[in-house]
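Written out below as structure tokens is the structure these notes cover.
Derivation of every value follows stated rules applied to the coordinates shown; laboratory data play no part. Bear in mind the structure is a predicted one, so any value in this text is a computation, not a measurement. Because the Cβ atoms are built from the backbone with ideal geometry, glycine has one as well, and the counts that use them run over all protein chains shown.
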Amino acid sequence: MKQADFEAFMLALPNVQREETFGYSFFFVGDDHRLPFVTIADSDNEYDDVSNLNREDVFRINIGVSKETFNNLIAGPKDGDIDYSVLNVFLPHPQYSRQYFVCILNPVGDSVEITKQLIQEAYSIASSRLQRSGGS
């Protein structure tokens, strides 16, 4: 799947809103735009260049999952010497792994379905958080 396909997948979920800033697309559930459930980056910027996103057609999907999913998915080191430029590998997010964000560059094959499942999980977490806060 291409970046646009993943964006369409998320925008088809109920009550999802998209915002763009700093070269990122942020996806939120409802009007509370404090914490996205997914972000997509497709270019480097002064704050984030570890994934070498300036390569043609390379994008990184960042997904906020549960602690359990994060620990099951990320078996190796959670920080330190990680090559964040590798394609189609789930990694801890370079800055937000402590908030249980995982990332993947250009998912293909089986990783596409896993990515969609993780997006669904992140959406459910964000939806529950919004309901608890009384938001819409």
| query | Quick one: longest stretch of the chain between exposed loop chymotrypsin sites (Phe, Trp or Tyr not before Pro), exposed meaning at most 12 other C-beta atoms within 10 Å and loop per DSSP? | reply | 48-136
| note | Expected max-MSF residue from Asp110, Asp32, Asp49 in the GNM of the chain (alpha carbon, under 10 Å) is Asp110
| remark: Inter-part gap, Cα centre of segment 1-23 to Cα centre of segment 41-76, in whole angstrom, is 15
